[in-house]
Amino acid sequence: RRLLSISALASSLSPPRSLASSLAAFAAQRLSMHGTALAAAVAPAALVAAVAVGYILGKRGGRQRPRSAPTTQCACGASLHGFSDNARERHYASARHRRNIRLIARCAKIVVAENWGEYRNAIAHCVRETDTVLEVGCGNGVTTSLLSQTAARAVGVDLSAPLIDEARRRFPSLEWHSMDARRAGDLAKLARFDAIFVDLNGSRELETLCPLIDAYEATMRPSVIVVKSNKLKHLVSKCKSVEALIRDGGPRGGGGPEPASTATGPACRPRRYRRGS
């Protein structure tokens, strides 16, 4: 009866079932070999040992911290939702992962502004004192002059020769060129630009604007490109990554795009500017 009690208790212990079962089997073996007299001494010892081991390991297991959930988005931008450890390792070793990482390392940061206020407020966050900055679509030169107050050098270009003449009259100490914004190679010859500000009419079609951004990035390799475009800003505000889709429970789930005031940050809240001021 004692042996049956030991076996039942040992089998019910968790987590160290294999160890408790071994102790119960040891008690049973001693009983069969040496009779009831020895069993009377061995059985209680096995019982105490099984209970002690179960208690100690159970407490140790209870102190273990739960593992944090694995990330569901790779640094290369790929979704890892539902991937097993082996699948993750295969992804990290894949050509797709290596290609994406290389592209990200070479990519400029794209900052999208909806209006004049956001566009000009981006100067404080995107331009350093040592930067050489280009503004494409400078108009009469007001924003380029603001850039020159922060950057080491600011260059303004515009297709309109009359506007460039006006910019030269208003800001004679700055550098101005009448050039076609589509000729990225010619723009690249002006200087090595760290940042590029683009204002080609805020309502310019995306099929015209997006190829220009790609061309500037590939040709001039700036660290950041700031684009004033209400259409591009509206498109970005409607975009959602796969990770956000999973987190919010589908395209009709909660969440949604952030309001403009939080998505652009407190320092990028719209301010009013007159175009010629």
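Of the residues ARG96, ARG63, ARG102, which is at pLDDT below 95 and either over 30 Å from ILE196 (Cβ atoms) or among the β-branched types (Val, Ile, Thr) (or both)?
Criteria check complete, one pass: ARG63.
Report the residue count in region 109-122 for those that are of a type in the set (A, V, I, L, M, F, W, C) and open to solvent by 10 Å² or more (accessible area, probe 1.4 Å).
Matching residues across region 109-122 total 4.
Could you grab me the full set of residues in region 125-182 that are under 17 Å from VAL227 (Cβ atoms), open to solvent by 20 Å² or more (accessible area, probe 1.4 Å) and not in a loop (DSSP other than H, G, I, E, B)?
Of everything in region 125-182, those that are under 17 Å from VAL227 (Cβ atoms), open to solvent by 20 Å² or more (accessible area, probe 1.4 Å) and not in a loop (DSSP other than H, G, I, E, B) turn out to be HIS125, CYS126, LEU146, ASP158.
Is there any pair linking a residue in region 106-121 that is more than 19 Å from VAL142 (Cα to Cα) and small (Gly, Ala, Ser) to one that is outside any helix (DSSP H, G or I) and at pLDDT below 90, with Cβ under 9 Å and at least six apart or on different chains, and which?
Here the result reads none, with nothing in region 106-121 linked to a residue that is outside any helix (DSSP H, G or I) and at pLDDT below 90.
I'd like to verify a number: residues in region 74-123 that are in a loop (DSSP other than H, G, I, E, B) and over 19 Å from ARG221 (Cβ atoms), how many?
Looking only at that region, the number is 15.
Listed here are the residues, each with its yes/no results for (1) open to solvent by 80 Å² or more (accessible area, probe 1.4 Å); (2) among the hydroxyl-bearing types (Ser, Thr, Tyr); (3) at pLDDT below 70.
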residue: VAL198; (1), (2), (3): no, no, no
residue: GLY202; (1), (2), (3): no, no, yes
residue: CYS210; (1), (2), (3): no, no, no
residue: ALA218; (1), (2), (3): no, no, no
residue: LEU235; (1), (2), (3): no, no, no
residue: VAL242; (1), (2), (3): yes, no, no
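Identify, please: which residue in region 183-196 is surrounded by 18 or more Cβ atoms within 10 Å (Cβ to Cβ) and in a loop (DSSP other than H, G, I, E, B) and is, among those, farthest from the chain's Cα centre (by Cα)?
If we take residues in region 183-196 being surrounded by 18 or more Cβ atoms within 10 Å (Cβ to Cβ) and in a loop (DSSP other than H, G, I, E, B), then PHE193 is farthest from the chain's Cα centre (by Cα).
Give the residues of region 81-94 that are under 14 Å from LEU245 (Cβ atoms) and surrounded by 11 or more Cβ atoms within 10 Å (Cβ to Cβ), sorted by residue number.
Result: HIS81, single match.
The values are calculated or read from the model by the stated rules, or taken from the named source; none is laboratory data. In this text, all values refer to a predicted model and were calculated from it rather than measured experimentally. Here the Cβ is made from the backbone with ideal geometry for all residues, glycine too, and neighbour counts use every protein chain on show. What goes into the accessible areas is simple: the full protein's heavy atoms, side chains included, and nothing from ligands, DNA or RNA. Shrake-Rupley method; radii C 1.70, N 1.55, O 1.52, S 1.80 Å.
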